[in-house]
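Laboratory data are not the source of any read-out in this text; all were calculated from the coordinates shown. A quick note: this is a predicted structure, and the numbers were derived from the prediction, not measured. Positions of Cβ are backbone-derived with ideal geometry, glycine not excepted, and every protein chain shown enters the neighbour counts.
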Amino acid sequence: MLNNLLEAMDIPPKIRIPLCIEQGSVFNFQLQFVGPKRQSKNRYFVVLNRNPKSDVVLIMVTPTTQIAKRIEFVKQAGISESTIVLVSPTDYPTFTSKCAFNCNDVYEVSLTDLIRKIEENGSMNYPKMSAGVLAKILTAVKRSPSIAPTTKELL
């Protein structure tokens, strides 16, 4: 509700994000990758922190439409497929195609960097991830052997 009010008032991201960010918030911004294997482009990111307003770093996860590649990756790495969460447009209508969250790969972003990324070329007016999908993602991240225990404590 507060987010909708601030959006209608055209409040800038540097004020709105710290006030409205919560677990399950969705943002879209560019993530820079080094090397030819991954493309630098705007992507959706979901905030996983239990207390994102006060945590030093935001733990975020991004989906991919390359589902088969992610499943093959975890199989070859000997990681449980339960660390991959499939999401369809019926689960989250903002997504236009079926995608997967590889919960073995999270991103740490400071609140300051998030604000900068949104101001530069990002967007933030998305509905929160549904509680059901968010619960699946959180469970999968906690199951992942690739995620540090200190990171899992923030979820």
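What's the extension gain from LYS152 to LYS69 if we count 0.36 nm per residue and subtract their Cα-Cα distance?
Gain on extension, LYS152 to LYS69, equals 27.4 nm.
Give me the net charge for the shell around SER110: Cβ to Cβ below 12 angstrom, other residues only, Lys and Arg +1, Asp and Glu -1.
-1
Taking the Cα centre of the chain as the origin, how large is its charge dipole in debye, to the nearest 20, when only Lys and Arg (+1) and Asp and Glu (-1) carry charge on their Cβ atoms?
Using Cβ point charges on Lys, Arg, Asp and Glu, the chain gives about 380 debye.
Given the rule -39500 (n - 2.57) for each run of at least 4 DSSP H residues, summed and divided by the residues of the chain, what is its mean residue ellipticity at 222 nm, to the nearest 500 deg cm²/dmol?
For the chain, the value works out to -10000 deg cm²/dmol.
Report ³J(HN,Hα) in whole Hz for each residue of segment 133-139, in order, from the Karplus equation J = 6.51 cos²θ - 1.76 cosθ + 1.60 where θ = phi - 60°; Gly and Pro get x.
Taking θ as phi minus 60°, the curve returns 5, 4, 4, 5, 5, 4, 4 Hz for segment 133-139.
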